[in-house]
Each structure stands twice: as C-alpha cells, then as structure tokens.
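The values are calculated or read from the model by the stated rules, or taken from the named source; none is laboratory data. Owing to the predicted nature of the structure, the values given are computational and were not obtained by experimental measurement. Positions of Cβ are generated from backbone atoms using ideal geometry, with glycine treated the same way; all protein chains shown enter the neighbour counts. When the accessible area is computed, the model is the full protein with side chains, heavy atoms only, and any ligands, DNA or RNA have been set aside. Shrake-Rupley method; radii C 1.70, N 1.55, O 1.52, S 1.80 Å.
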Amino acid sequence: ELARDLMQLEQRISQAAGVSVNLNSPKQLATLLFEKLQLPALKRTKTGPSTDADVLDELAKMGHEVPALILEYREVQKLKSTYVDVLPSRINAATGRIHTSFNQTGAATGRLSSSEPNLQNIPVRTPRGEGIRKAFVPAEGFRFVVADYSQIELRLLAHLSEDPAFIQAFRSGGDIHRQTASLIFGVPLGQVTPEMRARAKTINFGTIYGQGAFALSRQLGITQDEAKDFIAQYFIRFAGVRAYLDLQVKLAREHGYVETLFGRRRYIPEIKDKNFSLRAFAERTAANSPLQGSAADLIKIAMVRIHDALKDQRSGGRLLLQVHDELVLEAPEAEVDAVTTLVKGHMEGAAALRVPLVVDVGSGANWLDAKH
C-alpha cells in the first residue's frame, strides 16, 4: 500500500510541478521550489535555500500545493522504511513475536527507552500510522489491555506547585484545557470556544517544556507580542506554577541538581555555563526534569506492583510494553476485566497526590483498537 502511495505521490508532484525530480535530492528540490516555482526561500544553509520540514510546512500553510505533497511523500517514505520494511524482519524465529530491549539508564529523565526495534515511537496520529499499530496483535486467545495516564505531567505540576487554581481545575474533573481557557480568557466554561481551548492546551504543555514567546507564537500563528501577553496572563492566573518553575531553576543553580517527587536527582552542571544557549537549555531542563522524572518514577512503581500482583493472583495477564505514560499488557479473554481493574488500581494508586491520578484503560484485538 505504501509503495503504491509513494508512486502516486511522485506522479502528483510531477504533474503539479510540471517536471520530474528526484524527491530525495535536496539540491533538485531546492531548484524546483525556489527557481522553477519561484516560492520564497524562508531559510538558508551553507549550500543554499533549505528544504527542511519546517520550511515545507510554512510554504504549505501559505497554500502552495507542491511543498504539502512533498511533506506527505516524506511521511509515507519514513513509515515504509522505518517500520513496514523493518519490523517483519525483527520477528524472533523461536517465538514468532517481536521483542524489544528496554534500557533503564538510556534517558537522562529516568524514562525507559526502547531499542532494536524501538517500539515506543510507533506512530498513531495519521491513518497510515494507525494502520501500523493495527498490525500488532496479541497471542491467540488473548486481548491487549492498554492503560494510559491522563495528563500525568500537568497533574504532577499541579501537585508540586501547589497552585490553588490548577489544583481546583483538576479536582473538579472535566476538561483541564477548557478550564484553563476559562481562567485565562476570563469567560464562563460554557463560553469557551474550540480555539480558546486549543490555545490553552498549547500553553499548558508549553509551560512544562519551558516554551518561550517565539515558540508559542509559531505554534499558535500569532505575533510574538501577543504570545508574550498570553504567557504573562497565564502566569498571573497560575502564579504558583511560575513560582515553582522559578524555584527549580534556583535550586539547580544552588545545588547543581533538581529532584523528582521520589528524591531521584538529575545533575545539571550546564546551569552555570558561560554560554547563554547552554544555560537557557539547562534552565528549561531544571524546570521540566522533576515533572518528567516523577512521571517516569510513577509508572515504574506501578509496573513493579502490577507485575507482582499478576504473579500473586496467578493471572495469565502479562506486561508487554511501556510507552512512556502507557502500559500495554495482554490478558486471556476471560481475564480482561480483572486485569483492567488490577492495572487501573495500581496505576492510579502509585502515589497520593493533591489531585487525582486518572488512568484511561481500553482493550482490543489489536493495539490500535485497544488504544481507542
């Protein structure tokens, strides 16, 4: 299917451009886009105008067809070469299954990382990506059980910052992004528009990663001044969040490290570097590490408890994968409900926070259906 899609996309690009080019040659692409089609060169490298994903995305947003098609071509090509061509060759001859390796110390945040093959980056955001997820099936007579922490880092931010407005937003249940939008824009919940919610969601997650006005303005398609005002308004409403993030940077400067909820340290020597860029990156790392690191600790605690509980109950259920905030298990069809209850209980009970931990659980005959 993907090979056919690539051929069709090549033909559509040739027709739209009026010429045939090697789509894997940046030089030929640059000639096509910026000389033949006379599109604006938005970014330059040492060798000439850039054809990277950001540039193509900007050009596509301006309404140009060829850059949009090239982006789609690259997406299909990546899916084919990274997953569809490779994964079948990784099937273990003895078990008939694909096995990944999990690395405990690979990521500085404390998260597990997956390799050979990496099963933590199986795509899901596009219909083609969903097709790949659908190809993963459990053993015969089993179903997948997929459990996912809901907005874990935002919940940890509410707990660690002790911000009253943020805590209240989570305690009252409902949609956190809608509630955030209501507070930022000063409108009742019922008057929050989809655009307001989308903006609130972007800034909620941007806050975790120390996103500045430049990045936010690009994501939301607004000016930098508007983005600055938006961020300022956010931190007026959630002053406790601002104070907490600033405190983490201060602690990193004083001690050289920050800590997770469970006392695990991440050392950040770059926080005192003379280089401004390195120092700014270190400050974002200091603010984010306790959140990402605590989320990593939480799911590991849950995994250990789930593994022990399944063994104690002589369950046929077993842990298969950890994908950051998500666990994938397989359970005999007759045990799906029991395993679902067990997993949800241990994940939501991994720690007592000021806001509830919420876990979404699904089951299905393939990874996509279970996730939905």
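Rundown of residues vs (1) at pLDDT below 90; (2) under 22 Å from the mean Cα position of the chain (by Cα); (3) under 23 Å from E58 (Cα atoms); (4) aliphatic (A, V, I, L, M), yes/no style:
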{"site": "V192", "(1), (2), (3), (4)": "no, no, no, yes"}
{"site": "S217", "(1), (2), (3), (4)": "yes, yes, yes, no"}
{"site": "G240", "(1), (2), (3), (4)": "no, no, no, no"}
{"site": "H255", "(1), (2), (3), (4)": "no, no, no, no"}
{"site": "L261", "(1), (2), (3), (4)": "no, yes, no, yes"}
{"site": "K274", "(1), (2), (3), (4)": "no, no, no, no"}
{"site": "L278", "(1), (2), (3), (4)": "no, no, no, yes"}
{"site": "E283", "(1), (2), (3), (4)": "no, yes, no, no"}
{"site": "S289", "(1), (2), (3), (4)": "no, yes, no, no"}
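All but one of (1) buried (at least 16 other Cβ atoms within 10 Å of the Cβ); (2) part of a helix (DSSP H, G or I); (3) of a type outside the set (S, T, Y) hold for V361; which doesn't?
Of (1) buried (at least 16 other Cβ atoms within 10 Å of the Cβ); (2) part of a helix (DSSP H, G or I); (3) of a type outside the set (S, T, Y), only one is false for V361: (2).
Identify all residues within region 181-201 that are part of a helix (DSSP H, G or I), open to solvent by less than 30 Å² (accessible area, probe 1.4 Å) and without any contact (Cβ under 8 Å) to a residue 40 or more places away in the chain; write none if there are none. Reasoning before the result, please.
As a first pass, look at region 181-201 and keep what is part of a helix (DSSP H, G or I): 181-185, 189-191, 194-201.
Subset that is open to solvent by less than 30 Å² (accessible area, probe 1.4 Å): 181-182, 184, 200.
Hits for region 181-201 are A181, S182, A200.
Can you tell me which residues in region 159-171 are in a loop (DSSP other than H, G, I, E, B) and open to solvent by less than 70 Å² (accessible area, probe 1.4 Å)? Steps first, answer last, please.
Taking region 159-171 and keeping what is in a loop (DSSP other than H, G, I, E, B), we get 162-163.
The answer is D163, and nothing else.
When you scan region 135-142, do you find a residue that is part of a helix (DSSP H, G or I), buried (at least 18 other Cβ atoms within 10 Å of the Cβ) and either acidic (D, E) or out of contact with any helix residue (DSSP H, G or I) (no Cβ under 7 Å at 6 or more places or on another chain) (or both), even just one? Steps first, please.
First, pick out the residues of region 135-142 that are part of a helix (DSSP H, G or I): none.
Looking through region 135-142, none of the residues is part of a helix (DSSP H, G or I), buried (at least 18 other Cβ atoms within 10 Å of the Cβ) and either acidic (D, E) or out of contact with any helix residue (DSSP H, G or I) (no Cβ under 7 Å at 6 or more places or on another chain) (or both).
Exactly one condition in (1) out of contact with any helix residue (DSSP H, G or I) (no Cβ under 7 Å at 6 or more places or on another chain); (2) open to solvent by 70 Å² or more (accessible area, probe 1.4 Å) is false for Y209; which is it?
Here Y209 meets the rest and fails (1).
May I ask you to list the residues in region 20-55 that are in a loop (DSSP other than H, G, I, E, B), surrounded by 13 or more Cβ atoms within 10 Å (Cβ to Cβ) and either touching a Lys or Arg at 6+ places or on another chain (Cβ under 7 Å) or at positive phi (or both)?
S50
Take region 200-238 and flag every residue that is in contact with an Asp or Glu (Cβ under 7 Å, 6 or more places away or on another chain) and of a type in the set (A, V, I, L, M).
I208
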